[in-house]
Amino acid sequence: MKYKDYYAILGVARGAGEDEIKKAYRRLARKYHPDVSKEPNAEERFKEVSEAYETLKDSEKRAAYDSLGRHRAGQDFRPPPDWFSRYGAEPGFSDLGGVDLSDLFASLGGGFGRARGFRPGGPMPGEDYEVTVHLGLEEAFRGTEVELQLAARSIGPDGRLARTPKTIRARIPRGVTDGQKLRLRGKGGAGARGGPAGDLYLNIALHPHRLFRVSGHDLYLDVPVAPWEAALGATIEIPTLDGRVTMKVPAGSNGGQRLRLAGKGLPKPHGGAGDLYAVLNVAVPSVLSERERRLFEELRGASSFDPRGHFAQ
Amino acid sequence: MDDMMLLAAHARIALAELEAASGLSRAEIVALVEYGAFAPEGAAAAEWTFPASALVLARAAARLRADFELEPAGLALVLAYVERVRELEGIVQELECRLPR
């Protein structure tokens, strides 16, 4: 089993008082709570901080933790031989090699994370799981099936903790988009004493696409056009998630202008679809042939167009 | 077939389901409705239905309540800010999408 230094995680001394531990927890929770934090590793850090606080705020668990001795964070260790009997812990594991320290402390006093509706002695619902599923935009457009590997924690009929690998196949319906959540009822951890199984929540995260940007169910596509296409208008072909379509660029179009292709975005779960916005970008050839240069120079001489005329007003 | 629900505004869930799935008690949900954090449809609590997206916020509420020991009034205020931040993030994302790369 790997040692975790709960005091170092909270940034307090080993002799810190309850108030000091609570203050340190609150300060770090405010910084890393996944519901309010934008820190890149917020979820992972908050789990560490919560785990440390869950143990150190409880005087019995803290005493049990202290009696494990001092080790380096990440160092392999075994609790002293009489530790389990002294603290009434039910390890439920013959081999402690793969056991997480948090499981050990969860078995002290029956605490079991965020299980919903837990009442001592009564039916205990299984733990909810929350997993982020990364999808390509095309997969979101068409729908897909994903296979998820979870390390499921549950309490067996004997009241002991167990952690078992669990594979779940889930169908992702077409039209999900970035940031949405799906709930799979009963696919979380197993309940105990007749309690229902927990639920599995899937957070949808879309990989960045090389062409399209996603906002809700709308898509944005940069569409380069030649200066003469912008000035004279043109019918051009552009890609969509459903194949290529033709689009009319009106004469006199400007760079940055958005043209809307209704219903060509991501499908919506209850019917309809978002839109595709073509963001025009007037592209100028970086190398001109001799003839192109002459024609541009001729245009410059002939045109009265002043793109900065409004500066003089 | 999976018993799957997309937690979006178009689907609706009853109070009992929100309570069971979120970890909030009925009394806490009623208090949060009174403070304006949730706006159910239906006259009496027994008839209330919520958009399925409310479950995302309710689960966040349960976590925030437990992790910061918040009372319903303070929790409702935090949830209002959480929602506001999410709305603004959506607007920022849309504006960023409009800009050519």
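Calculated on C-alpha atoms, the gyration radius of the stretch B:3-98 divided by its Kirkwood radius gives an Rg/Rh of 1.00. Judged by the mean number of other Cβ atoms found within 10 Å, the most tightly packed of the peptides A:268-278, A:193-203 leads the ranking A:193-203, A:268-278. Mean per-residue shielding of peptide B:57-69 is 4, counting Cβ atoms of other chains within 10 Å of each Cβ.
The listed peptides B:58-67, A:239-248, A:63-72, ordered by packing as a protection proxy, come out as B:58-67, A:63-72, A:239-248 (highest mean of other Cβ atoms within 10 Å first). Ranked by the mean number of other Cβ atoms within 10 Å of their residues, highest first, the peptides B:9-22, A:9-22 fall in the order B:9-22, A:9-22. Its DSSP H runs of at least 4 residues, each contributing -39,500 (n - 2.57), put the calculated 222 nm mean residue ellipticity of the protein assembly as shown at -10000 deg cm²/dmol, to the nearest 500.
If you take the Cα centroid of the stretch B:1-55 and the Cα centroid of the stretch A:238-285, the two points sit 37 Å apart. Counting only other chain Cβ atoms within 10 Å of each residue's Cβ, the peptide A:241-251 averages 0. Available extension along the chain between residue A:298 and residue A:258 is 11.4 nm, counting 0.36 nm per residue and deducting the alpha carbon span. Taking the Cα centroid of the stretch A:2-24 and of the stretch A:30-71, what is the distance between the two, rounded to the nearest whole Å? If you average the Cα positions of each part, the centres end up 8 Å apart. For the stretch B:3-98, the fraction of 1.4 Å probe accessible surface lying on carbon and sulfur atoms is 58 percent. Karplus-derived 3J(HN,Hα) values for the stretch A:291-300, using 6.51 cos²θ - 1.76 cosθ + 1.60 with θ = phi - 60°, are 5, 4, 4, 4, 5, 5, 5, 5, 4, 4 Hz; glycine and proline are entered as x. Close amide H contacts of residue A:135 (hydrogens built in the peptide plane, cut-off under 5 Å, sequence separation of 5 or more or a different chain): A:205, A:206, A:207. Could you pull out the pairs from A:57/A:187; A:4/A:181; A:2/A:181; A:47/A:166; A:57/A:166 whose alpha carbons sit more than 28 Å apart here? As for pairs spanning more than 28 Å Cα to Cα, those are A:57/A:187; A:4/A:181; A:2/A:181; A:57/A:166. In sequence order, the stretch B:18-25 has phi-based couplings of 4, 5, 5, 8, 8, x, 7, 7 Hz under the Karplus curve 6.51 cos²θ - 1.76 cosθ + 1.60, θ = phi - 60°, and Gly or Pro positions carry x.
Other chains near A:32-44: what is the mean number of their Cβ atoms within 10 Å of each residue's Cβ? Before the final figure, lay out the partial values.
On the way: counts 0, 5, 3, 12, 7, 0, 2, 0, 0, 0, 0, 0, 0.
Mean partner shielding for this stretch: 2.
At a probe radius of 1.4 angstrom, the accessible area of the protein assembly as shown per residue rounds to 54 square angstrom. Taking all protein chains as they are arranged and a probe of 1.4 Å, the heavy atoms of residue A:100 leave approximately 50 Å² accessible to solvent.
Per q in 0.15, 0.28 1/Å, what log10 I(q)/I(0) does a Debye calculation on the alpha-carbon atoms of the stretch A:43-85 return? Here log10 of I(q) over I(0) equals -0.45, -1.08.
For a distance above 23 Å, tell me the whole-number percent of Cα pairs in chain A that qualify. For chain A, the share of Cα pairs beyond 23 Å comes to 71 percent.
Checking an interface number: how much accessible area is buried between A and B, summed over both chains, with a 1.4 Å probe, in Å² rounded to 100?
3400
Taking a ≥ b ≥ c as the square roots of the eigenvalues of the Cα gyration tensor, the stretch A:185-291 is prolate, since a/c reaches 1.5 or more and a/b is larger than b/c.
With all protein chains in place and a 1.4 Å probe, the accessible surface of chain A carries 49 percent carbon and sulfur. Among A:37, A:253, A:50, the largest mean-square fluctuation in a Gaussian network model of chain A (Cα springs under 10 Å) belongs to A:37.
The values are calculated or read from the model by the stated rules, or taken from the named source; none is laboratory data. As the structure is a computational prediction, the values presented were derived from the model and not from experiment. As a convention, Cβ positions derive from the backbone with ideal geometry for all residues, glycine included, and neighbour counts pool all protein chains shown. All accessible areas refer to the heavy atoms of the entire protein, side chains included, with ligands and DNA or RNA removed. Shrake-Rupley method; radii C 1.70, N 1.55, O 1.52, S 1.80 Å.
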